[in-house]
Amino acid sequence: MYVWGRLMRIALTQKRRGPFRAGDKSRLRFRCLPTDIDPNMHLNNARYMMLADIGRLDIFLRSGLLGLARKNNWGPMMGGVQSVYVREIKLWRAFNVVTTMDTWKGTQVLGRHHFVLDDGSTAATLMTTAGVYDFANRRFLDIEEVVSALGQQINARPLDEVETVFMRSHNALRHRIKQGRSNRQ
C-alpha cells in the first residue's frame, strides 16, 4: 500500500509542481520508512528502483506523456538500469530523488535518478534507459517524435562519457540476450 500512497501523492500534487519540460528536473522528497528497509536498517536496493519509477512517473504525468500515450496507444517501457550506491539511507532519513531525462539517442531516452541527502551529498545514482512503444505499429518511437508530439522543441544534449559507456554496455547485453546467448544460465 505504501507504493500506492506515494504514487497518489505525486499524482495529487503534480499541478502544484507545474508542467515538466524536457531538460527540467523532477525533485521528490521521501523518507526511508520501515517498509523500505533491509536487515541492515537502510533503504533496500529494490526501493531505489521503485522510487526511481516514481520519479519517471512524475515526469510522465507533468509532461503530458501519459495522456498522450493513452490517446495514441503508446506505452513508456523500461529498457535497463545501472545503479551505484555510495552512502546508505538509514531508517527515517529524509532524502530527495532528483530525476532528469534530458538526453536521448534514437529510440532510447536516458534517465538519471540521484538520491540526494539533506547535506547535498549523493547517496546513490541510477541510470536508466527507456523508450516509448507504439502498440498499433509494433515499434519503438524515435524520441524526437515523442518530444515533438508533446509540443516541445528541444535538442538532446550529447551523451557524456559515462552515459555513452552505459548505453554501449546496455545495447551489447541486450543484443546478446536477443541472440539467445546469456553468460551462463
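At-a-glance table
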item	result
When residues of segment 49-67 are limited to those that are under 11 Å from the mean Cα position of the chain (by Cα) and among the hydrophobic types (A, V, I, L, M, F, W, C), the one most open to solvent (accessible area, probe 1.4 Å)	M49
Residue in segment 3-24 that is open to solvent by 50 Å² or more (accessible area, probe 1.4 Å) and at pLDDT 95 or above present	no
Residue within segment 118-131 that is open to solvent by 30 Å² or more (accessible area, probe 1.4 Å) and more than 28 Å from Y85 (Cβ to Cβ) present	no
Residue match in segment 102-120 (condition: touching a His at 6+ places or on another chain (Cβ under 8 Å) and either under 19 Å from N45 (Cβ atoms) or β-branched (V, I, T) (or both))	no
Flag for G79 being in contact (Cβ under 8 Å) with a residue 12 or more places away in the chain and touching a Ser or Thr at 6+ places or on another chain (Cβ under 7 Å)	yes
Pairs, first farther than 15 Å from G111 by Cα in segment 143-160, second basic (K, R) and part of a loop (DSSP other than H, G, I, E, B), C-beta under 7 Å, six or more apart	Q152/R21
R174 being open to solvent by 70 Å² or more (accessible area, probe 1.4 Å) and in contact (Cβ under 8 Å) with a residue 40 or more places away in the chain	yes
Residue within segment 59-68 that is touching a strand residue (DSSP E or B) at 6+ places or on another chain (Cβ under 9 Å), touching a residue at least 40 places away in the same chain (Cβ under 8 Å) and within 24 Å of A46 (Cβ to Cβ) present	yes
Some residue of segment 35-48 being at pLDDT 95 or above, open to solvent by less than 40 Å² (accessible area, probe 1.4 Å) and within 30 Å of T107 (Cα to Cα)	yes
In segment 132-148, the residues that are of a type in the set (A, V, I, L, M, F, W, C) and open to solvent by less than 50 Å² (accessible area, probe 1.4 Å)	V132, L141, I143, V146, V147
Filter result (touching a strand residue (DSSP E or B) at 6+ places or on another chain (Cβ under 6 Å) and either surrounded by fewer than 16 Cβ atoms within 10 Å (Cβ to Cβ) or of a type in the set (F, W, Y) (or both)) within segment 69-85	W74, G75, M77, M78, Q82, S83, V84, Y85
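The values are calculated or read from the model by the stated rules, or taken from the named source; none is laboratory data. Since the model is a prediction, treat every value here as computed from it, not as a measurement. Methodologically, a virtual Cβ is constructed for each residue, glycine included, from the backbone with ideal geometry; neighbour enumeration extends over all protein chains shown. Keep in mind that these areas ignore ligands, DNA and RNA; they rest on the heavy atoms of the full protein, side chains included. Shrake-Rupley method; radii C 1.70, N 1.55, O 1.52, S 1.80 Å.
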